[in-house]
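Worksheet: one structure, shown below.
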């Protein structure tokens, strides 16, 4: 499995260099220009005990006497569930049985208004024994636009702890920067299942050594029948610092694939 994992990551990175493209857009941004997502602020009563906005829990009978719970995000309103352990996972739905362990999830919402994009994150706690979902905290950050193409692909970025996160809509999958302590050549994968947006992390702790990530996405189909085409794109992101740079620089390039 390890060999397959390493090879897959290598193939993805190599493909980003060799894949043909018909249009490109990119830009650079200093690390200090990216806003940082603050730690979630504890909710005030009665929010702490009220229903969590943007998500609903549906329960049903499972095998035997076990109950199964599905936590569903309101993706039509811009919400998405995410888990960042290992590789980033972006999900429209997350499920567990009533006998599962309690879990904390991030409920993210990407909104655009008056020319500004914002990511709101709500930390939620799910207790499988009774299917209860409660709010643990909330924070938000204004996103920095770092790339835009004529086809409508927009990439944003923000800082989260010691990482830089790049986000875009219509993402299907990706590869993140190798995490500290990981074996050489091991890259965490990004998965997106039914979410309107997704992102990948770059490690900003040692920018002098460089950090790279890539996202793959697809725009709505164009044409009908045999003329139907699905425009696909790649987002290449890198974080580095060379001698002439006063601080680390984020470089993002979007390529429309033929």
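What single numbered condition from (1) out of contact with any helix residue (DSSP H, G or I) (no Cβ under 6 Å at 6 or more places or on another chain); (2) surrounded by 11 or more Cβ atoms within 10 Å (Cβ to Cβ); (3) free of Cβ contacts under 8 Å to residues at least 40 places away in the same chain; (4) more than 19 Å from residue 174 (Cβ to Cβ) fails to hold for residue 241?
(1)
Among the residues of region 111-142, what is the count of those that are surrounded by fewer than 15 Cβ atoms within 10 Å (Cβ to Cβ) and more than 22 Å from residue 159 (Cβ to Cβ)?
So the answer is 4.
Just one of (1) in contact with a helix residue (DSSP H, G or I) (Cβ under 6 Å, 6 or more places away or on another chain); (2) at pLDDT below 90 trips up residue 236, so point out which.
If we test residue 236 against (1) in contact with a helix residue (DSSP H, G or I) (Cβ under 6 Å, 6 or more places away or on another chain); (2) at pLDDT below 90, just (2) comes out false.
Would you call residue 155 farther than 17 Å from residue 81 by Cβ and either crowded, with 17+ Cβ neighbours inside 10 Å or touching a residue at least 40 places away in the same chain (Cβ under 8 Å) (or both)?
yes
Kindly state which strands (runs of 3 or more DSSP E) lie completely within region 102-142 and contain at least 1 residues that are in contact with a helix residue (DSSP H, G or I) (Cβ under 8 Å, 6 or more places away or on another chain) and under 30 Å from residue 61 (Cβ atoms).
Answer list for region 102-142: 132-142.
How about region 79-97: which of its residues are assigned to a loop (DSSP other than H, G, I, E, B) and within 12 Å of residue 193 (Cα to Cα)?
Correct list: 88, 92.
Going by the conditions given, is residue 178 touching a helix residue (DSSP H, G or I) at 6+ places or on another chain (Cβ under 9 Å), without any contact (Cβ under 8 Å) to a residue 40 or more places away in the chain and farther than 18 Å from residue 28 by Cα? Can you show your working first?
Numbers: touching a helix residue (DSSP H, G or I) at 6+ places or on another chain (Cβ under 9 Å): yes; without any contact (Cβ under 8 Å) to a residue 40 or more places away in the chain: yes; farther than 18 Å from residue 28 by Cα: yes.
Judged against the criteria, residue 178 is a match.
The values are calculated or read from the model by the stated rules, or taken from the named source; none is laboratory data. Remember, predicted model here, so these are calculated numbers, not experimental data. Methodologically, a virtual Cβ is constructed for each residue, glycine included, from the backbone with ideal geometry; neighbour enumeration extends over all protein chains shown.
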